[in-house]
Amino acid sequence: MPKTNAAALVFDDLSFQYNTRSEPAIQHISFSVQPGELLLIAGSSGCGKTTLMRCANGLIPNAYHGKISGDIKLFGRSVFEMQMAEISQAVGTLLQDPERQILGSYVLNEVGFGLESLGIPRNEIIPRVDETLEHLGILHMRDRETFGTSGGEKQKIALAGVLVMKPKILLLDEPLSSLDPASAHEALQTFRQLADEGLSVVIVEHRVEDVLTIHPDTVVYIDEGQVTYCGDSKGLMAIVDYRRIKLPADIVVERARNAPAPQFYPVLKPNYKNPETLLSFEGVHFQYNEDSPEVLDDINFEIHKGDVIAVLGHNGSGKTTMVKHALGLLKPTQGHVLLEGLDTQKMTVAEAAHTVGYVFQSPTQMLFAPTVKEELAFGPKNLGFSPEEIDKNVTWAIETVHLNEELDTPPLALSFGQQKRISIAAILSMRSRILMMDEPTAGQDYWNYQAFMDAILQMPGFDSVIFITHDLDLALIYANRILILYGGKIVADGRPQDVLQDELQLKKFRILPTSLLKLNMQYLPKTGSFYRAETIAHFIG
Amino acid sequence: MLVTWRYKYRNSIMDRIDPRARWIFSCAFLISCTMFWDARFLIFFFIIAVVWYTFGRTKWKETRRGWLLVSVMLFSMIVINTLITGGGAGGVVPPGGHEVWTQGFTIPWVNWHIHFGLTAERLWFAICQLLRLGGISAIFVLIPYTMDSRSYGATFHGLGMPDRFAYTMELSFRFIPTLAQDSAATLDAQKARGYEIEKVKGGLFRKILRIAPLIVPITMNSIVASEDVANAMDLRCFGQYKRTWLFELKFHWWDIILIIFSALMLIGSAVAAYGFKMGNFWIPESFINMLIG
């Protein structure tokens, strides 16, 4: 790439429409990124952020075809005149899910992949890989297998694989989506440092509040494929709808004072006097095979009627493994899991599914039916519901996730965010007594996930709801009980205001206090409980 | 995510052999072995395969899934195709032969009369098949468990394949464990919706429809995953320049000896089979006498 004084990346009136779609994904996009600039692109699901990134890294038009107009200039040269290899050396891309990007079976091979492709001699590759790994603080992982690494580690490995090629521009597609709060914080610090070192960094992210902590130089807000704001972060906070983008709690309080207070009346209330036990874990230990370490280490807890439990914990702490035991998908290597008094060792998963509805993290693992309606009817049919009950449940479930108009659409034709909501509705329609959700908000924008969480928790029918999340604010707004897992052990279990009050303790468990938690702690004597920022605004008056 | 076979270093003889030499030997063995139906030759190959297998120092627990798959294949080829229908012996075992067990029965309604006859020759052929296929399986089942996943692409490239083809081979090699992992995840997700594969009943069409909840997500995931892999490779300049293979392979003297042995085995087999017309199907008289008295 020749050295010029030109901007690193310029979008000049860019529009693109996929061949398979009837509407353009992005329209008349114009903004630029300077060398060493950190730019945040924000927007709700399906607004065109990913398409914009594909245009910048050359996947459009090389891998995805469609109608394109306008131009993108990379250091003064149009990317449409450049070869894919040329673009890839200048623009490094970190995909949303690092698992989709990792090709090598070992860290060294993964990080060295790009250099191997460039034909760089072996004796140069290894020092460059080592240097990059050291820069990211993961040199100790060099000879480890990529498969066994945690979500945060995978992201750093994928990032190393991009940085080792010494790109001039780094594109990051929702880099925080699979990370626990501490890993997300570390990742953000790394991105800031890279920008300070002269790399142009473009971050596409829903978690705007988190990214604002590293002070992006410019924020671009995209809505329905068009840039509606381009400027500094202060300006964004003044104009953007705080119900669509998650902003710092104090800003929301300021802006929500004159708006009507949100109406949220959860149906489930804990019964501390006479708790009815639905599920209990008794001394549960688990390891995937004899040679591997224990993933769960002496887990003891009960789920009672009325509990809304948020399970928090770092990447790889055993959250998903623990929840899978409740349904009998995994059986303890030691100890017992009792579902309504019956040992899950003695029942099939299908039998347990009558009581426990479990929403998997990835919707693509389960969607298969020709229409959304049939997809939602699949579970209740398997459980032997009558046709009238199935119809009623399907209608309720689809309304809960706000996708009524998609009933006759093939689920696989929907966007990832919509597929995720369909996967939740598919379990809701089973009307299980206990609802378990693994990262229900992953891939969802702020408005959508608040809307369906509000709907689920205000609807009668469930005896208990349990959700795994990395989003501390989600936990403190919706849960009446919080479990924290750390290294396969339960290290905290109780009411949110009790569990989340000790900041130092939380940091020890890789959970970082958010502005909403701080605000809630500040007003707790006045509010008596934890609430969303819009509600607190009305307490303050 | 792409996963690999569960390889672990065992400090075995196999770990010390260059993977290129191993593939050369394995392919030479496969070709040589398939030139013969004479049990005297096949026993020789079978012994080589057993010795080779012990070089891997794998445990039964590690390889049992692989052997389960092989057993299903052997059962269908030997028991069904050779012993029951006789189709597998066609063209090798001469027609007729010494019948050791016969049974006739009539299919009701259509009134078809079926005569089943098992001959000593077919039975011996089944033993030869077991020796041949068992030996070949022992050689190839071992590979995924004893070959370092880092060496896949470099090995195929080292065997003379172009970069793209070598890396495609590596990805193909990793496809089976990746598919197994995706299938397990999908099965779990559908079980959580009350789906029980054991309870799939009805006619063929109904059964196909009932396994759609597994087949569709697995297939769609494979398609999406292949797109992701292609994008990830494109974004890191794959296929644009002559590739460096990071995994370093070195031939040692014992690898050379193994390659020479493989070449001799292949040439010797070809000369014996095609030059001297040796190794055609042969059955010992004592076997026939033992069965029919």
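The values are calculated or read from the model by the stated rules, or taken from the named source; none is laboratory data. All of these numbers come straight from a predicted model, not from anything done at the bench. Note that each Cβ is placed from the backbone with ideal geometry, even for glycine, and that neighbours are counted across all protein chains shown. Heads up: the accessible areas ignore ligands, DNA and RNA and are worked out on the full protein's heavy atoms, side chains in. Shrake-Rupley method; radii C 1.70, N 1.55, O 1.52, S 1.80 Å.
Among the residues of A:355-362, the average count of other protein chain beta-carbon atoms within 10 Å of the residue beta-carbon is 3. Of the residues B:128, B:27, ranked by 1.4 Å probe accessible area with the largest first, the sequence reads B:27, B:128.
Annotation: the stretch B:1-72 has a Kirkwood hydrodynamic radius of 14.2 angstrom, from the mean reciprocal C-alpha pair distance.
Of B:247, B:269, A:140, which is farthest towards the positive pole of the protein assembly as shown's charge dipole, taken about the Cα centre with +1 and -1 on the beta-carbons of Lys, Arg and Asp, Glu respectively? Value computed over the given set: B:269. Tell me which aspartates and glutamates have Cα within less than 20 Å of residue A:273's Cα, excluding those fewer than 8 residues away on the same chain? Hits, sequence-local ones excluded: A:302, A:307, A:340, A:463, A:493, A:498. Contact order, relative form, for chain A: 15 percent (alpha carbon pairs under 8 Å, 6 or more residues apart, mean separation divided by residue count). Hydrodynamic radius of the stretch A:154-243 by the Kirkwood approach over all distinct alpha-carbon pairs: 14.0 Å. With a 10 Å cut-off around each Cβ of A:39-49, the average count of Cβ atoms from other chains is 0.
Mind checking which lysines have their Cα closer than 17 Å to the Cα of residue A:166? Skip sequence neighbours fewer than 8 apart in that chain. Those lysines meeting the cut-off are A:3, A:156. Around the amide H of residue A:228, modelled in the peptide plane, lie the amide H atoms of A:221, A:222, A:223, all under 5 Å away and 5 or more residues distant in sequence or on another chain.
Counted over the protein assembly as shown, the DSSP beta bridges are approximately 55% antiparallel. The 1.4 Å probe gives accessible areas that order A:495, B:122, B:210, largest first, as A:495, B:210, B:122.
In the stretch A:108-182, the alpha-carbon atoms span a convex hull of 100 Å³ per residue. Between the stretch A:165-189 and the stretch B:12-79, the C-alpha centres lie 47 angstrom from each other. Treating each Cα of the stretch B:191-268 as an identical point scatterer and summing with the Debye formula, the log10 of I(q)/I(0) at q = 0.20 Å⁻¹ comes to -0.96.
Projection of the Cα convex hull of chain B, averaged over all directions and equal to a quarter of that hull's surface, yields 21.6 nm². Per residue, chain A reaches -10500 deg cm²/dmol at 222 nm when only DSSP H runs of four or more residues are counted, each adding -39500 (n - 2.57). Loop-located GluC sites (Glu not before Pro) across the stretch A:173-258 with a Cβ neighbour count of 12 or fewer within 10 Å are A:197, with loop assigned by DSSP.
Rg/Rh for the stretch A:1-118 (Cα atoms only, Rh after Kirkwood) is 0.98.
Pairwise Cα separations in the protein assembly as shown fall into 20 Å bins from 0 onward with the following percentages, short to long: 13, 40, 33, 12, 2, 0. Here the Kirkwood formula puts the hydrodynamic radius of the stretch A:175-327 at 19.8 Å, using every distinct Cα pair. Pair-distance distribution P(r) for the stretch B:80-217, from all Cα-Cα distances in 5 Å bins starting at 0: 2, 8, 10, 9, 8, 9, 13, 15, 13, 8, 4, 2, 0 percent.
Distance from the Cα centre of the stretch B:85-146 to that of the stretch A:351-413, in angstrom? Cα centroid to Cα centroid, the span is 49 Å. Ranked by solvent-accessible area (1.4 Å probe, protein heavy atoms only, all chains present), the residues A:264, A:191 order from largest to smallest as A:264, A:191.
A loss of 50 Å² or more of accessible area (1.4 Å probe, protein heavy atoms, ligands and nucleic acids excluded) relative to the isolated chain is seen in these residues of the stretch A:108-147: A:109, A:113, A:116, A:117, A:122, A:147. Take each residue of peptide B:223-233, count the partner chain Cβ atoms within 10 Å of its Cβ, and average: the result is 4. Simple point charges give the picture: +1 on the Cβ of Lys and Arg, -1 on the Cβ of Asp and Glu, and for the stretch A:323-442 a dipole about the Cα centre of about 380 debye.
Placing +1 on the Cβ of every Lys and Arg and -1 on the Cβ of every Asp and Glu, with nothing else charged, gives the stretch B:197-293 a dipole about its Cα centre of roughly 440 debye.
Estimated from helical segments only, the mean residue ellipticity of chain B at 222 nm is -19000 deg cm²/dmol, where each DSSP H run of four or more residues counts as -39500 (n - 2.57).
Positive contributions from Lys and Arg (+1) and negative ones from Asp and Glu (-1), summed over other residues with Cβ under 14 Å from the Cβ of residue B:18, come out at +1. Between the alpha-carbon centres of the stretch B:254-293 and the stretch B:149-218 there is a gap of 37 Å. Past 18 Å, Cα to Cα: identify those pairs from A:246/A:518; A:246/A:420; A:381/B:199, in the order given. From A:246/A:518; A:246/A:420; A:381/B:199, over 18 Å: A:246/A:420.
Residue B:241 sits with roughly 100 Å² accessible to a 1.4 Å probe, with DNA, RNA and ligands left out of the calculation. Using the 1.4 Å probe convention, the accessible area of the protein assembly as shown works out to 44 Å² per residue with neighbouring protein chains retained. Using a probe of 1.4 Å on the protein chains alone, the accessible area found for residue B:31 is around 80 Å². Put one equal scatterer on each alpha carbon of the stretch B:246-293, apply the Debye formula with no solvent term, and list log10 I(q)/I(0) at q = 0.19, 0.28 1/Å to two decimals. Result of the Debye calculation: -0.75, -0.95. If I fit a long axis through the Cα atoms of helix A:515-527 and take the longest principal axis of the Cα atoms of chain A, what angle between them do I get, 0 to 90°, rounded to 10? Compared with the principal axis, the helix lies near 30 degrees. Annotation: residue B:69 carries an accessible surface of approximately 130 Å², with a 1.4 Å probe and no ligand, DNA or RNA atoms counted. For the stretch A:406-460, the square roots a ≥ b ≥ c of the C-alpha gyration tensor eigenvalues yield an a/c of 1.5 or more together with a/b not exceeding b/c, which makes the shape oblate. When the trypsin sites (Lys or Arg not before Pro) in the stretch A:393-474 are filtered for DSSP coil states and for at most 12 other beta-carbon atoms within 10 Å of their beta-carbon, no site remains.
Loop-located chymotrypsin sites (Phe, Trp or Tyr not before Pro) across the stretch B:69-175 with a Cβ neighbour count of 11 or fewer within 10 Å are B:109, with loop assigned by DSSP. Think of the protein assembly as shown as a dipole: +1 on every Lys or Arg Cβ, -1 on every Asp or Glu Cβ, centred on the Cα centre; then among A:449, A:432, A:400, A:432 lies furthest on the positive end. Taken across both chains, chains B and A shield about 5000 Å² of accessible surface from a 1.4 Å probe. Dipole size of chain B about its Cα centre, with +1 on Lys/Arg Cβ and -1 on Asp/Glu Cβ: approximately 600 debye, rounded to the nearest 20. Roll a 1.4 angstrom probe over the protein heavy atoms and tell me the percent of accessible area of the protein assembly as shown that is carbon or sulfur. Solvent-exposed carbon and sulfur of the protein assembly as shown make up 58 percent of the total.
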